[in-house]
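**Q** Got a structure here, written out as structure tokens. Questions coming.
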Amino acid sequence: MLKKLSNGCVALVQRFLPDPFIFCIILTIVVFVAAMPTTTQGPMQMVQHWGDGVWNLLEFSMQMALVLVLGTAFASARPIKRAIVRIASIAKSPAQGIFVVTLISIIACWINWGFGLVVGAILAKEIARQVKGIDYRLLIASAYSGFVIWHAGVSGSIPLSMGAVGEDGFVANTGGALTEAVSTATTIFSPWNLVICLIILICLPLINMRMHPSPDDVIAVDPALLLEEEDQLKPPVTPAEKIEQSMILSYIIVAIGVVYLVYYFMNNGFNLSLNIVNLIFLILGIAFHARPINYVMAIGHAVKGAGGIILQFPFYAGIMGMMVGANPETGASLAGVISEGFVAISNDVTFPLFTFLSAGIVNFFVPSGGGQWAVQGPIMMPAGMELGVSPSLTGMAIAWGDAWTNMIQPFWALPALGIAGLSARDIMGYCLITLFFVGIVVCGGFLIIGMFGLA
């Protein structure tokens, strides 16, 4: 039954899902048209919102490009390749390969989403090289499916931002409703959140494993195509070549980086921001490649997969600009209208569920944890507190919704697709099953929590 359902989803997506850039253009048009009647703004105002937003994700775009490039370059170092080969060798069959990739991806994404995106895709490529008869599309989809849990993990931007009070005496993006920091003990590490994460950790690898196509329907990849070229260095002759191959230069930089990281963690705790994750990948990459010129060549190979990020992220920033672009007279924005619509039909029991569903819809157009919180936090937090719903539950409902619909949003899949060399339509059919399963688990969880007041 599950295999037939997944095959139907794959066929549907293969037929109707366009290239991610075309998909992005379609989303732009949809938001442009939908925002005008709902916010009573004209076309020129929407054009202005779009243009004002286009470059608002430049820093984030560079961070995401570096996640892909630095992670791939690090994984191409010989010692890391050997370690990945050993881990991949655990899988002896296609089903085991799918299980291992999904399990490790979930764990890695719960620890840190940027780390998990890269590790899952790289491990999947190696398993595809070692295990005969494994479906490459499902393998990469399984690697990406672990990302559904990231906002409930220790790098979740919403629960982490709820843990700090600003200089104005309020927690940011809560509409002035929250004056006390919310501990991660009541969000990320709350018993109910950990139970939801555990259910997904146990069940999703088994579900992905069961979706593996029959041998006649498998689309495998030639292992030879997954072998990456290794640049052979000639013995240095000139002074310039000797400098290029000097390990001393590499390890001076590594020493500086390690000292900084130690200093950072001593002062900030285990706070793995995206910049710190990228710095770790950078320092490890330089260290494991040893010779500076080796790392230069590794970066040159890795950067080829970053084109999708560079092209599409400005358009998603423009979409976000139109979603949050408010009518100056009424203050209405499309994202706000969607959120307020769900608030209007909620009570103290259903509010967490409807917050989760509204966040899933908004995330489809605003695929950014920070952007999601800025859009929905000021609306949902005061509404939840007025209904008597705990702030930690409201915040995590937004966080889960933000992560959930990433399974049908190609935005976050771009790093994994760049590493794997696939398109979004190759994996999104399988990710639909993840969307259905996680949606059922989380909706059920929030209904139970709301009915019995478990938060």
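The values are calculated or read from the model by the stated rules, or taken from the named source; none is laboratory data. Everything numeric here is computed off the predicted structure, so don't read it as measured data. FYI the Cβ positions are ideal-geometry reconstructions off the backbone, even for glycines, and counts take in every protein chain you see. With ligands, DNA and RNA removed, areas are computed over all heavy atoms of the protein, side chains included. Shrake-Rupley method; radii C 1.70, N 1.55, O 1.52, S 1.80 Å.
**Q** For residues that are buried (at least 23 other Cβ atoms within 10 Å of the Cβ) and either of a type outside the set (F, W, Y) or touching a His at 6+ places or on another chain (Cβ under 9 Å) (or both), tally how many sit in region 342-353.
**A** If we filter region 342-353 for residues that are buried (at least 23 other Cβ atoms within 10 Å of the Cβ), which is where we start, we get 342, 351-352.
Now narrow it down to the ones that are either of a type outside the set (F, W, Y) or touching a His at 6+ places or on another chain (Cβ under 9 Å) (or both): 352.
The number of residues fulfilling the criteria is 1.
**Q** Output the residue which, of all residues in region 354-385 that are under 18 Å from L160 (Cβ atoms) and of a type in the set (A, V, I, L, M), is surrounded by the fewest Cβ atoms within 10 Å (Cβ to Cβ).
**A** Taking the candidates together, the pick is A374.
**Q** Which one of these is open to solvent by 30 Å² or more (accessible area, probe 1.4 Å) and within 19 Å of the chain's Cα centre (by Cα): I107, I87, I122?
**A** Values: I87 fails: within 19 Å of the chain's Cα centre (by Cα); I122 fails: open to solvent by 30 Å² or more (accessible area, probe 1.4 Å).
Exactly one residue qualifies, and that residue is I107.
**Q** Give me a count of the residues in region 125-134 that are open to solvent by less than 40 Å² (accessible area, probe 1.4 Å), of a type in the set (D, E, K, R) and under 16 Å from S93 (Cβ atoms).
**A** Here the count works out to 1.
**Q** Using beta carbons and a limit of 7 Å, which pairs, at least six apart or on different chains, have the first residue in region 108-132 and over 23 Å from I309 (Cα atoms) and the second one open to solvent by 10 Å² or more (accessible area, probe 1.4 Å) and of a type in the set (F, W, Y)?
**A** Filtered contacts from region 108-132: A128/Y136.
**Q** Suppose we filter A317, A335 for residues that are buried (at least 24 other Cβ atoms within 10 Å of the Cβ) and in contact with a helix residue (DSSP H, G or I) (Cβ under 6 Å, 6 or more places away or on another chain); which single one remains? Even if it seems obvious, please write down each step before you answer.
**A** Numbers: A317 fails: buried (at least 24 other Cβ atoms within 10 Å of the Cβ).
Residue meeting the stated conditions: A335.
**Q** For region 251-299: of the residues being small (G, A, S) and in a helix (DSSP H, G or I), which is nearest to I419 (Cα to Cα)? I'd like the intermediate steps shown before the answer.
**A** Within region 251-299, the first condition is being small (G, A, S), and the residues that meet it are 255, 257, 269, 273, 285, 287, 290, 298.
In the following step, the residues that additionally are in a helix (DSSP H, G or I) were identified as 255, 257, 285, 287, 298.
Working: A255: 29, G257: 26, G285: 16, A287: 22, A298: 13 Å.
The residue in question is A298.
**Q** Could you tell me which residue of region 231-261 is modelled with the lowest pLDDT, considering only residues that are open to solvent by less than 90 Å² (accessible area, probe 1.4 Å) and among the charged types (D, E, K, R)?
**A** The initial filter retains those residues of region 231-261 that are open to solvent by less than 90 Å² (accessible area, probe 1.4 Å), namely 231, 233, 236, 238, 240-241, 244-247, 249-250, 252-255, 257-258, 261.
With among the charged types (D, E, K, R) added as a condition, the list becomes 231, 241, 244.
Working: D231: 60, E241: 88, E244: 90.
Per the stated criteria, the residue is D231.
**Q** Follow-up question, since we're still on this one. Within region 283-306, is there a residue that is modelled with pLDDT under 90, closer than 27 Å to A77 by Cβ and among the basic types (K, R)?
**A** Yes, the conditions are met somewhere in region 283-306.
**Q** Inside region 417-435, can you point out the residues that are in a helix (DSSP H, G or I) and over 18 Å from L123 (Cβ atoms)?
**A** Keep residues of region 417-435 that are in a helix (DSSP H, G or I), which gives 417-420, 424-435.
If the condition is that a residue be in a helix (DSSP H, G or I) and over 18 Å from L123 (Cβ atoms), then A424, R425, M428, G429, L432, I433, L435 are the ones that fit.
**Q** Among the listed residues L311, L393, identify the single one that is assigned to a helix (DSSP H, G or I) and at pLDDT 95 or above.
**A** Working: L311 fails: at pLDDT 95 or above.
Step by step, each of L311, L393 is checked, and only L393 is assigned to a helix (DSSP H, G or I) and at pLDDT 95 or above.
To keep it simple, each residue is scored yes or no on (1) under 17 Å from V118 (Cα atoms); (2) open to solvent by 10 Å² or more (accessible area, probe 1.4 Å).
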position: D402; (1), (2): no, no
position: I408; (1), (2): no, yes
position: P415; (1), (2): yes, no
position: L422; (1), (2): yes, yes
position: F446; (1), (2): no, no
position: G453; (1), (2): no, yes
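**Q** While we're on this one: Got at least one residue in region 207-216 being open to solvent by 50 Å² or more (accessible area, probe 1.4 Å), farther than 30 Å from V389 by Cβ and either of a type in the set (S, T, Y) or more than 28 Å from the chain's Cα centre (by Cα) (or both)? Break it down stepwise before answering.
**A** Step one: filter region 207-216 for residues open to solvent by 50 Å² or more (accessible area, probe 1.4 Å), giving 209-210, 215-216.
When the remaining residues are screened for being farther than 30 Å from V389 by Cβ, the result is 209-210, 215-216.
Of the ones still in play, those that are also either of a type in the set (S, T, Y) or more than 28 Å from the chain's Cα centre (by Cα) (or both) are 215-216.
So far as region 207-216 goes, yes, one or more of its residues are open to solvent by 50 Å² or more (accessible area, probe 1.4 Å), farther than 30 Å from V389 by Cβ and either of a type in the set (S, T, Y) or more than 28 Å from the chain's Cα centre (by Cα) (or both).
**Q** Let me ask another. Identify all residues within region 150-171 that are aliphatic (A, V, I, L, M) and touching a Phe, Trp or Tyr at 6+ places or on another chain (Cβ under 8 Å); write none if there are none.
**A** Pass one, region 150-171, residues aliphatic (A, V, I, L, M): 152, 154, 158, 160, 162, 164-165, 171.
Listed by number, the residues that qualify are A152, V154, I158.
For (1) touching a residue at least 60 places away in the same chain (Cβ under 8 Å); (2) surrounded by fewer than 23 Cβ atoms within 10 Å (Cβ to Cβ), each residue gets a yes or a no:
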site: Y144; (1), (2): yes, no
site: V154; (1), (2): yes, yes
site: G163; (1), (2): no, yes
site: F170; (1), (2): no, yes
site: G176; (1), (2): yes, yes
site: T187; (1), (2): yes, no
site: L194; (1), (2): no, yes
site: I199; (1), (2): yes, yes
site: L204; (1), (2): yes, no
